[in-house]
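Step one of this worksheet: look at the structure below.
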Amino acid sequence: MEVNQAKQEHLLALKVMRLTKPTLFTNMPVTCEDRDLPGDLFGRLMKEDPSTIRGAEALMLGELLTLPQNFGNIFLGETFSSYISVHNDSSQVVKDILVKADLQTSSQRLNLSASNNAVTELKPDSCIDDVIHHEVKEIGTHILVCAVSYTTQAGEKLYFRKFFKFQVLKPLDVKTKFYNAESDLSSVTDEVFLEAQIQNITTSSMFMEKVSLESSMMYNVAELNTVETEDEGTSTFGKMSYLQPMDTRQYLYCLKPKPEFAEKAGVIKGVTVIGKLDIVWKTNLGERGRLQTSQLQRMAPGYGDVRLSLEMIPDTVNLEEPFDITCKITNCSERTMDLVLEMCNTCSIHWCGVSGRQLGKVSPSASLALPLKLLSSVQGLQSISGLRLTDTFLKRTYEYDDIAQVCVVCPYMSRES
């Protein structure tokens, strides 16, 4: 009579365990009042329980640590470590043992084995141990494939493998916003402020060890997350930088173009690369994680063909008294311009000098400083407007209103007061 052949049993046994920090053991204390029927029975039992803390038996946390019973949650940016053991359960010597560990992700297959050389022989009750490490850089389903091949004493070559499936979750939700600095000084108009909102979307607290911005080659970065004191800078989040589950923090950075790029008007145009965020955190019992964003990009503001900015302007001026300002004209186009300056008076601002004067030719990305004199006939905060540039080559006109604001005061009123 024919029977189905039983599944072949291998001489070797494969065991895989994830290496992670243990967790604090928790128990469920049961208490009652002394006048209740159990009396002090529950209290005596908790005092005899080795997992409770002496003198604080009703506290849920104990003194013991618990080893992980499964793969648990693995988050992006953490280091996945696993212990692989191949044990010879048979009574015979096994030869040419090769243990291979691969990690299959949605996009690639990685070899994590420390060595690809086969072990010559493995005696009974002996084992081959290996520890693998991998920094997780993708979210989604991961499969750890452990394969073992060996040769028996009879010369038969056998092979088996096991699969361990786990999910990699997203630990942080990172959102970024860019703000262009609104200022009248040309040394500041190219400043960019980056706001990074970081939210802890795990179920445990995080200690934020470092949140920094690695700027690109075009910018210098300054962190605005500390308050300067007499001795040293203090973090705006306090001394203990903990981020509770579902909590969000805002980090602020200021980026300035480096001088060699700021002087070239045509360089910082369109989409520019700002840099990337580097986030390092620690979870319970010091497990470390690190996450780097992709390159952050922003759309640089457009200034048109000709950019007019202010180099110097006084904070306060006297009513009906001339004052000086210095403008900077930059050719942002890719062609040479022949510019003519016209000054048009407004109801409060009156320009001093000749309107319609020739400024000459300005090459691409070149700049020229333009000192001007004007006065105000109205008190208060006044807007400087009324400049017009004309390119005689293309007969194209560029008008500039609300260039800056200046505070106009009456000197006679200040003396009387």
What is the one condition in (1) open to solvent by 60 Å² or more (accessible area, probe 1.4 Å); (2) of a type outside the set (S, T, N, Q); (3) part of a strand (DSSP E or B) that Asp130 does not satisfy? (1)
Count, please, the residues in segment 141-156 that happen to be in contact (Cβ under 8 Å) with a residue 60 or more places away in the chain and either open to solvent by 20 Å² or more (accessible area, probe 1.4 Å) or in contact with a strand residue (DSSP E or B) (Cβ under 6 Å, 6 or more places away or on another chain) (or both). 6
Considering every residue within segment 350-365, establish whether at least one is assigned to a loop (DSSP other than H, G, I, E, B), open to solvent by 70 Å² or more (accessible area, probe 1.4 Å) and in the same structural domain as Ile403 (by the TED database). yes
Any chance segment 322-336 includes a residue that's in contact with a Phe, Trp or Tyr (Cβ under 9 Å, 6 or more places away or on another chain), part of a strand (DSSP E or B), open to solvent by 60 Å² or more (accessible area, probe 1.4 Å) and in the same structural domain as Glu399 (by the TED database)? no
Filter result (open to solvent by less than 40 Å² (accessible area, probe 1.4 Å) and β-branched (Val, Ile, Thr)) within segment 201-231: Thr202, Val211
Anything in segment 134-155 that is part of a strand (DSSP E or B) and over 14 Å from His10 (Cβ atoms)? List them, or say none. His134, Glu135, Gly140, Thr141, His142, Ile143, Leu144, Val145
Where a residue in segment 222-251 is at positive phi and in the same structural domain as Ile201 (by the TED database) and its partner, wherever it lies, is assigned to a loop (DSSP other than H, G, I, E, B) and open to solvent by less than 80 Å² (accessible area, probe 1.4 Å), with Cβ under 8 Å and at least six apart: Met246/Ile201
Please tell me if Glu138 is under 21 Å from the mean Cα position of the chain (by Cα), charged (D, E, K, R) and open to solvent by 20 Å² or more (accessible area, probe 1.4 Å). yes
Taking the residues in segment 232-247 that are open to solvent by 60 Å² or more (accessible area, probe 1.4 Å) and among the aliphatic types (A, V, I, L, M) as candidates, determine which candidate is modelled with the lowest pLDDT. Met240
Looking only at residues in segment 375-417 that are open to solvent by 30 Å² or more (accessible area, probe 1.4 Å), touching a strand residue (DSSP E or B) at 6+ places or on another chain (Cβ under 9 Å) and acidic (Asp, Glu), which one is modelled with the highest pLDDT? Glu399
Please verify whether segment 184-194 includes one or more residues that are open to solvent by 40 Å² or more (accessible area, probe 1.4 Å), more than 29 Å from Asp315 (Cα to Cα), at pLDDT below 90 and of a type in the set (Gly, Ala, Ser). no
Out of (1) assigned to a strand (DSSP E or B); (2) over 30 Å from Val273 (Cα atoms); (3) open to solvent by less than 60 Å² (accessible area, probe 1.4 Å); (4) in contact with a strand residue (DSSP E or B) (Cβ under 6 Å, 6 or more places away or on another chain), the one Pro314 does not meet is (1)
Does Gly289 fit the bill of being open to solvent by 30 Å² or more (accessible area, probe 1.4 Å) and either modelled with pLDDT of 90 or more or not acidic (Asp, Glu) (or both)? no
For segment 73-103, enumerate the residues that are more than 44 Å from the chain's Cα centre (by Cα) and outside any strand (DSSP E or B). Asp89, Ser90, Ser91, Gln92, Val93
Give segment 49-65 a look and list any residue that's assigned to a loop (DSSP other than H, G, I, E, B) and either of a type outside the set (A, V, I, L, M, F, W, C) or at pLDDT 70 or above (or both), or say none. Asp49, Pro50, Ser51, Thr52, Arg54, Gly55, Glu57
Can you confirm whether Leu277 is over 30 Å from Glu214 (Cβ atoms) and either buried (at least 17 other Cβ atoms within 10 Å of the Cβ) or assigned by the TED database to the domain that holds Glu191 (or both)? no
Set Met1, Met46: member being modelled with pLDDT of 70 or more and not in a strand (DSSP E or B): Met46
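The values are calculated or read from the model by the stated rules, or taken from the named source; none is laboratory data. Computed from a predicted structure; not experimentally measured. So basically every Cβ, Gly included, is an ideal-geometry build from the backbone, and we count neighbours across all protein chains shown. Remember, those area values only see protein heavy atoms, side chains included, never the ligands or the DNA or RNA. Shrake-Rupley method; radii C 1.70, N 1.55, O 1.52, S 1.80 Å.
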